[in-house]
Amino acid sequence: MKYGKRSMDRREFRRKLTSLILPITFQQFMLAVVSASDALMVGAIGQDLLSAVSLASQITFVYNLFLMAMTIGTSMFAAQYWGKGDKDAVERILGIVLRSSMSVSFVFFFAATFFPGLLMRIFTTDPQLIHYGVQYLQIVGLTYLLCGISQVYLCIMKNSGLASMSMLISSAAALLNIILNAVLIYGFFGAPRMEAGGAAAATAIARGVELLWVLAELTKKGRIKIRFAYIRRPDQGLRKDFWHYTLPVQGNELVWGGGFTMYSVIMGHLGTDAVAANSIANIAKNLIASLAGGIGNGGSIMVGNELGAGRLETAKAYGRKLCHIAVVSGILSGIFLLLLSPLVLEITDLSPQAEEYLRWMLAMCAVYMVGKYVNGTTIAGIFCAGGDSRFGFLCDAVTLWCFTVPVGLLAAFVFKWPVLAVYFIVNSDEIVKLPAVYRHYRKYKWLKDLTVREEGLD
């Protein structure tokens with residue numbers, strides 16, 4: 001296929017960029033703020049409590065990997081079918097995803113509710129950390145059932161022209177979570193002082209309100225509906241297509257998330273100072289990287305809409321422009337994180353050793369930003385918009401499991417290298433991937449209309 005030099009409508013691009021990426025970025029930022037408030041508020045009580053909640057949150061992180069893979073798969077098809085104008089196909093995709101998301105959600109709910117101690121022992125052998133972590137997991141487990149519905153539908157809303165409403169619902173729930181954190185962690189206004197359990201209870205209540213709002217929203221005229229007939233009897237052709245392109249995403253998320261979880265396991269066995277510093281560094285990193293999530297998610301919708309409408313040249317131009325934006329944003333975000341570091345050190349109450357760790361971890365995270373922005377925009381955004389999902393799986397499998405995880409394990413437990421050297425190794429994956437990502441982008445395998453049924457997928 002030949003690709004000409006058809007010019008992109010810059011005004012239309014900026015309009016879509018503003019209407020999609022900015023709301024999604026704000027949504028991502030508010031979710032990161034919730035995580036930050038959890039850590040800072042429980043951290044104000046004690047460093048052990050901070051470390052315990054951070055480790056227990058890894059279970060939620062793993063659950064989110066499954067949910068993220070399904071929402072990325074949802075975006076692949078919903079964006080293209082919405083661009084094509086096929087609302088019924090979007091509702092059929094919703095039915096397929098809800099059937100799977102609720103099954104996964106129940107498994108995680110059951111494990112967190114009935115086996116929290118076993119889960120905590122994966123990350124630490126410290127009895128105090130296990131005790132606090134169990135308190136947190138037994139309550140937060142309920143949120144998995146709620147998110148299995150709400151997060152999937154919020155994804156559908158973003159892909160069907162309602163990104164701003166999706167942002168409003170998610171951000172309002174996040175704000176409520178932050179307020180309830182203060183009330184329930186510390187016992188304000190006559191509420192019980194629940195500490196770690198309070199952070200979990202605040203999350204559960206906020207997620208419940210979010211789900212109720214979502215259910216109210218989908219009853220409105222013109223909205224994408226949850227049709228139980230499509231859940232009970234999914235469209236077999238669409239289901240086959242969906243899992244054909246989504247399973248590599250699932251593999252990618254598990255490979256990446258498994259590697260990231262191994263980072264937490266490694267750091268969790270290097271002492272509470274390392275755990276606490278790593279927790280704060282991750283919070284700062286996630287806050288600054290919110291824009292990366294906005295560019296990746298919003299860019300995926302923009303490119304997917306154009307591909308579904310058959311406008312491949314415009315999709316190609318959008319992808320190129322989004323990559324330029326990602327590079328510049330990554331550099332600026334890294335600089336911003338460096339400038340913000342003194343404030344982060346000032347507001348956190350850590351031991352002198354943990355504070356020293358954190359100082360250097362933040363500097364390493366600043367470099368990490370460039371890779372995070374570029375890879376998030378391409379692998380999770382542009383590539384997946386056209387169903388090009390296998391590359392991400394292979395890239396992360398090689399980078400993480402052939403390099404950073406084994407080298408990190410050797411550095412920590414065999415060679416006994418300093419904490420900061422280990423941290424540098426396990427946070428180098430996003431930079432290591434860049435050359436391969438650039439080469440793959442230039443192959444343009446992601447320029448594909450998924451609404452055209454392929455031979456062999458019928």
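Sort out which residues of the stretch 194-217 are under 21 Å from Thr113 (Cα atoms) and not hydrophobic (A, V, I, L, M, F, W, C), and write them in order of number.
Residues satisfying the conditions are Glu195, Gly197, Gly198, Thr203, Arg207, Gly208.
So, in the stretch 334-386, exactly how many residues are closer than 30 Å to Gln250 by Cα and without any contact (Cβ under 8 Å) to a residue 60 or more places away in the chain?
Result for the stretch 334-386: 2.
Run down Leu409, Leu358 and say which single residue is modelled with pLDDT of 90 or more, more than 17 Å from the chain's Cα centre (by Cα) and surrounded by 22 or more Cβ atoms within 10 Å (Cβ to Cβ).
The unique qualifying residue is Leu358.
Within the stretch 161-246, which helices (runs of 4 or more DSSP H) (wholly inside it) include 2 or more residues that are closer than 24 Å to Ser300 by Cβ, under 21 Å from the mean Cα position of the chain (by Cα) and of a type outside the set (Ser, Thr, Tyr)?
Values: elements: 163-186, 196-217, 228-232.
Answer list for the stretch 161-246: 163-186, 196-217.
Specify which of the listed residues (Leu339, Leu350) is aliphatic (A, V, I, L, M) and not in a helix (DSSP H, G or I).
Leu350
For the stretch 98-133, which positions are free of Cβ contacts under 8 Å to residues at least 60 places away in the same chain and among the hydrophobic types (A, V, I, L, M, F, W, C)?
Listed by number, the residues that qualify are Met102, Val104, Phe106, Val107, Phe108, Phe109, Phe110, Ala111, Ala112, Phe114, Phe115, Leu118.
Of the residues Thr60, Thr74, Thr18, which is touching a helix residue (DSSP H, G or I) at 6+ places or on another chain (Cβ under 6 Å) and either part of a helix (DSSP H, G or I) or hydroxyl-bearing (Ser, Thr, Tyr) (or both)?
Result of the check over Thr60, Thr74, Thr18: Thr74.
Being within 30 Å of Ser428 (Cβ to Cβ) and polar (S, T, N, Q) is the filter here; which residues of the stretch 202-261 pass it?
Answer for the stretch 202-261, where residues must be within 30 Å of Ser428 (Cβ to Cβ) and polar (S, T, N, Q): Thr246, Gln250, Asn252, Thr261.
Could you tell me which numbered condition Leu94 fails, if it satisfies all but one of (1) modelled with pLDDT under 90; (2) within 30 Å of Ala78 (Cβ to Cβ)?
Failing condition for Leu94: (1).
Looking at the stretch 431-439, can you tell me whether even one residue there is modelled with pLDDT under 90 and out of contact with any Asp or Glu (no Cβ under 7 Å at 6 or more places or on another chain)?
Taking every residue of the stretch 431-439 in turn, none turns out to be modelled with pLDDT under 90 and out of contact with any Asp or Glu (no Cβ under 7 Å at 6 or more places or on another chain).
Restricting to the stretch 400-422, give me the number of residues that are aromatic (Phe, Trp, Tyr) and touching a helix residue (DSSP H, G or I) at 6+ places or on another chain (Cβ under 6 Å).
1
Go over the candidates Gly387, Gly381 one by one and state the one that is outside any helix (DSSP H, G or I) and either buried (at least 22 other Cβ atoms within 10 Å of the Cβ) or aliphatic (A, V, I, L, M) (or both).
Gly387
Kindly list, by first and then second residue, each pair from a residue in the stretch 186-199 that is exposed (fewer than 13 other Cβ atoms within 10 Å of the Cβ) to a residue that is assigned to a loop (DSSP other than H, G, I, E, B) and β-branched (Val, Ile, Thr), limited to pairs with Cβ atoms under 9 Å and residues at least 6 apart or on different chains.
Within 9 Å, no pair qualifies.
The values are calculated or read from the model by the stated rules, or taken from the named source; none is laboratory data. Keep in mind it's a predicted model, so treat the numbers as computed, not measured. Cβ atoms come from the backbone with ideal geometry, glycine included; neighbour counts cover every protein chain shown.
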